[in-house]
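*Asks:* So that we are looking at the same thing, I have put the structure below in structure tokens.
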């Protein structure tokens, strides 16, 4: 049973360290990241890894966030990955900064990357690793997600990224159900 891990974000240097790109930042912290061989196709960069549970594909879409499905759908079609076997790693406004949570299906919470994937995959039954970035106290949400982390947040960013990477590694080795159960809703700041 092949699976796919999609790390959402926007392409281009100006977006690299922004809140919207936290999924891609987490991918770079995987313990086996340097062993992955990345190829350019499906409007993104993809790699794969063999695990005891089958092959896991990794995808970094190079479309903009609101077109993420244009990268995900062709890869899934080509490698015959079903929607239930997709894990989307994305920024989440409705969780406090540093809180991570696995979720099976559900709403899209206005997230344009999730909307695009749901539209082009024909459903919302993919799994997610929601990475809390918090909400702005005031001002525009779109400006907030496209901004870089505050100097206070940057102090602990590695803890957040490493916790996310551990979650993805667990998903690769144990599958979604076991990982979601053992991981629960975790904060990078209180064990």
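*Asks:* Extending each Cα 7 Å along its Cβ direction at residue 49 and residue 78, get the distance between those two points in nm, one decimal.
*Replies:* Computed distance between label sites residue 49 and residue 78 equals 2.0 nm.
*Asks:* Same structure again: Can you give me the relative contact order of the range 3-187 as a percent, contacts being Cα pairs under 8 Å and 6 or more apart?
*Replies:* Relative contact order of the range 3-187: 28 percent.
*Asks:* Given the rule -39500 (n - 2.57) for each run of at least 4 DSSP H residues, summed and divided by the residues of the chain, what is its mean residue ellipticity at 222 nm, to the nearest 500 deg cm²/dmol?
*Replies:* Rounded to the nearest 500, it is -10000 deg cm²/dmol.
*Asks:* Let me ask another. Compute the distance in nm between two label points, each set 7 Å from the Cα along the Cα-to-Cβ direction, one at residue 124 and one at residue 2.
*Replies:* Placing both labels 7 Å along Cα→Cβ, they lie 2.8 nm apart.
*Asks:* Quick check: pseudo-label points 7 Å beyond the Cα along Cα→Cβ at residue 38 and residue 185, how many nm apart are they?
*Replies:* 3.3 nm
*Asks:* Assuming 0.36 nm per residue, please report the length gained on full extension of the stretch residue 146 to residue 108 beyond their Cα-Cα distance.
*Replies:* Roughly 11.8 nm would be gained on extension.
*Asks:* Once you sort the root eigenvalues of the Cα gyration tensor of the range 120-191 as a ≥ b ≥ c, which label holds: rounded (a/c under 1.5), prolate (a/b larger than b/c) or oblate (the other case)?
*Replies:* Note, shape of the range 120-191 comes out oblate.
*Asks:* Still on this structure, please answer the following. Could you tell me the center-to-center distance, by alpha carbons, between the range 108-122 and the range 1-37 in angstrom?
*Replies:* Centre-to-centre distance over Cα atoms comes out at 18 Å.
*Asks:* Mind checking which of 30, 53, 146 has the largest fluctuation in a GNM of the chain, springs on alpha carbons under 10 Å?
*Replies:* Result for the chain, Cα springs under 10 Å: 53 fluctuates most.
*Asks:* As a test, work out the antiparallel percent of DSSP beta bridges whose residues both lie in the range 3-187, rounded to the nearest 5.
*Replies:* Taking every DSSP beta bridge within the range 3-187, about 60 percent pair in antiparallel fashion.
Since every read-out is calculated from the coordinates, none of them should be taken as a lab result. On a predicted model such as this, the values are computed, not experimentally measured, just so you know. Note: ideal-geometry Cβ built from the backbone for every residue, glycine included; neighbour counts use all protein chains shown.
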